[in-house]
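A.B. asks: Below are the structure tokens for one structure; questions will follow.
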Amino acid sequence: QVQLRESGGGLVQAGGSLRLSCAASRSSSSLSIDARGWYRQAPGKQRELVATIARGGTTNYADSVKGRFTISRDNAKDTVYLQMNSLKPDDTAVYYCNVQGKFGNGVPGIYWGQGTQVTVSS
């Protein structure tokens, strides 16, 4: 079992910044993580990818956030961050972190956090 704990959401004016954190708890879990990521879901829209970081450090971003958002990780703390700069009202959504990987028996595993609200006012 993997538990993800998100923090850092809130209300910010357009042009402002926020940093989201996602701490993982993997006690007794044999999950080998292949990638960690951030997704978001705005009201009435489907959940969409924001950014991912692979085990080797390769990052991937949605076109809408390239140059404004940065995903990073602290392996010692088992935590992934999303630094969001130059925020726009269109960035308003619930942001979810996730982990994807495989258990020792080869079975894939994916876990999601509970989500944190980000609201950008114009």
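Every read-out reported here was derived from the displayed coordinates using simple, explicitly stated rules and does not represent laboratory data. Please read these numbers as outputs of a predicted model, since none were measured by experiment. All Cβ positions, glycine included, derive from the backbone under ideal geometry; neighbour counts span all protein chains shown.
A.B. asks: Could you check which residue among Val107, Val99, Val50 shows the biggest mean-square fluctuation in a GNM of the chain with a 10 Å Cα cutoff?
C.D. replies: Val107
A.B. asks: Still on this structure: Work out the FRET efficiency for Ser86 and Gln46 from their Cβ-Cβ distance, taking R0 = 35 Å, and round it to the nearest 0.05.
C.D. replies: Details: r = 24 Å, r/R0 = 0.68.
Result of the calculation: an efficiency of 0.90.
A.B. asks: Order 78-87, 56-65 from most to least packed using the mean count of other Cβ atoms within 10 Å. Before the final figure, lay out each step's value.
C.D. replies: Details: 78-87: 19.8, 56-65: 12.6.
Put in order of decreasing packing, that is 78-87, 56-65.
A.B. asks: If amide hydrogens are placed 1.01 Å from N in the peptide plane, which non-local residues have theirs closer than 5 Å to the one on Gly115?
C.D. replies: HN-HN under 5 Å from Gly115: Glu6, Cys97.
A.B. asks: If you don't mind, there's one more thing I want to ask. Would you mind working out the magnitude of the charge dipole of the chain relative to its Cα centre, with +1 at each Lys and Arg C-beta and -1 at each Asp and Glu C-beta, to the nearest 20 Debye? Each step should come with its number before you reach the end.
C.D. replies: Details: 14 positive and 8 negative charges, 25 e Å.
Result for the chain is approximately 120 debye, rounded to the nearest 20.
A.B. asks: Residue by residue through the stretch 93-106, which ³J(HN,Hα) values in whole Hz follow from phi under the Karplus form 6.51 cos²θ - 1.76 cosθ + 1.60 (θ = phi - 60°), with glycine and proline marked x?
C.D. replies: 4, 8, 9, 10, 9, 8, 10, 10, x, 9, 7, x, 8, x
A.B. asks: While we're looking at this one, here's another question. Tabulate in residue order the Karplus-calculated ³J(HN,Hα) for the stretch 11-26, using 6.51 cos²θ - 1.76 cosθ + 1.60 with θ = phi - 60°, rounded to whole Hz; enter x for Gly and Pro.
C.D. replies: Running phi through 6.51 cos²θ - 1.76 cosθ + 1.60 with θ = phi - 60° gives 9, 9, 7, 3, x, x, 9, 9, 10, 8, 10, 9, 9, 9, 10, 10 Hz.
A.B. asks: 5 Å is the cut-off here: which amide hydrogens, built 1.01 Å from N in the peptide plane, fall below it relative to Leu87, excluding neighbours closer than 5 in sequence?
C.D. replies: Placed amide hydrogens put Gly15, Gly16 under 5 Å from Leu87.
A.B. asks: Follow-up. Convert each backbone phi in the stretch 76-89 into a coupling constant with the Karplus relation 6.51 cos²θ - 1.76 cosθ + 1.60 (shift: θ = phi - 60°), then list the ³J(HN,Hα) values in order as whole Hz, x for Gly and Pro.
C.D. replies: 5, 9, 6, 10, 10, 10, 10, 8, 10, 10, 6, 5, 10, x
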